[in-house]
Amino acid sequence: VDNLFRLYADGWNVLLVCWVSYILMGFYNIFFKWFYNINVLTNQRFLDIDFLSIFEIRVESATIEDIEDLKDTQNGVYQSIFNMGDLTMLTASGGTVFSLENVPKAHRIRDFIMDVVIQVKKRGGRND
């Protein structure tokens, strides 16, 4: 009976270790998706670096001249309370769409990016 109880307890311990490992890997994945979601705006291009999984990273870019439209939306109570929003950027080259989710003060970031785009287009594409 003692050996039977030990096998039963060991089985539950293995199950518990597997379950905790699964939960920790989920948190690890969520953290890296949040931490390594990087957006960079320079005077020449916009870069969007997304961490999709442990083995997959996507890097997309567009020149400032190609940015045509920016739209910000505020969905739900969470984004309304914390003044966050989602930015959607449409480009001319191939109709690429960039999505920036849960951006703080999305309307101000939209206005800033559009100001940069207007300045670059006024200079005729020269990025001094």
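The values are calculated or read from the model by the stated rules, or taken from the named source; none is laboratory data. Treat the numbers as computed from the prediction; the structure is a model and nothing was measured. FYI the Cβ positions are ideal-geometry reconstructions off the backbone, even for glycines, and counts take in every protein chain you see. Only protein heavy atoms, including side chains, enter the accessible area calculation; ligands, DNA and RNA are left aside. Shrake-Rupley method; radii C 1.70, N 1.55, O 1.52, S 1.80 Å.
Can you spot a residue in the range 59-75 that is without any contact (Cβ under 8 Å) to a residue 40 or more places away in the chain, of a type outside the set (A, V, I, L, M, F, W, C), more than 21 Å from VAL116 (Cα to Cα) and outside any loop (DSSP other than H, G, I, E, B)? Steps first, please.
Applying the first criterion (without any contact (Cβ under 8 Å) to a residue 40 or more places away in the chain) to the range 59-75 yields 59-63, 66, 68-69, 71-75.
Among the residues that remain, those that are also of a type outside the set (A, V, I, L, M, F, W, C) are: 60-61, 63, 66, 68-69, 71-75.
Restricting the remaining residues to those that are more than 21 Å from VAL116 (Cα to Cα) gives 74-75.
Now narrow it down to the ones that are outside any loop (DSSP other than H, G, I, E, B): none.
Checked the range 59-75: no residue is without any contact (Cβ under 8 Å) to a residue 40 or more places away in the chain, of a type outside the set (A, V, I, L, M, F, W, C), more than 21 Å from VAL116 (Cα to Cα) and outside any loop (DSSP other than H, G, I, E, B).
With at pLDDT below 85, outside any helix (DSSP H, G or I) and under 16 Å from the mean Cα position of the chain (by Cα) as the only criterion, which of LEU52, LEU87, LEU100 stands out?
Working: LEU87 fails: at pLDDT below 85; LEU100 fails: at pLDDT below 85.
Answer to the selection: LEU52.
Restricting the range 56-102 to residues that are touching a strand residue (DSSP E or B) at 6+ places or on another chain (Cβ under 7 Å) and among the small types (Gly, Ala, Ser), which is farthest from VAL120 (Cα to Cα)?
Here the residue is GLY85.
When the range 72-91 is examined, which residues are found to be among the hydrophobic types (A, V, I, L, M, F, W, C) and open to solvent by 50 Å² or more (accessible area, probe 1.4 Å)?
VAL77, ILE81, PHE82, LEU90
Tell me whether the range 37-55 contains one or more residues that are under 30 Å from VAL120 (Cβ atoms) and of a type in the set (Asp, Glu).
yes
Just give me the residues in the range 105-117 being open to solvent by less than 80 Å² (accessible area, probe 1.4 Å) and either part of a strand (DSSP E or B) or charged (D, E, K, R) (or both), in sequence order.
Step one: list which residues in the range 105-117 are open to solvent by less than 80 Å² (accessible area, probe 1.4 Å), which gives 106-107, 109-111, 113-114, 116-117.
Listed by number, the residues that qualify are ARG110, ASP111.
For every residue, the table says whether it meets (1) open to solvent by 70 Å² or more (accessible area, probe 1.4 Å); (2) in contact with a Gly (Cβ under 8 Å, 6 or more places away or on another chain).
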residue: PHE32; (1), (2): no, no
residue: TYR36; (1), (2): yes, no
residue: THR42; (1), (2): no, no
residue: PHE46; (1), (2): no, no
residue: GLU60; (1), (2): no, no
residue: GLU65; (1), (2): no, yes
residue: LEU70; (1), (2): no, no
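Is it the case that some residue within the range 65-80 is in contact with an Asp or Glu (Cβ under 9 Å, 6 or more places away or on another chain) and aromatic (Phe, Trp, Tyr)?
no
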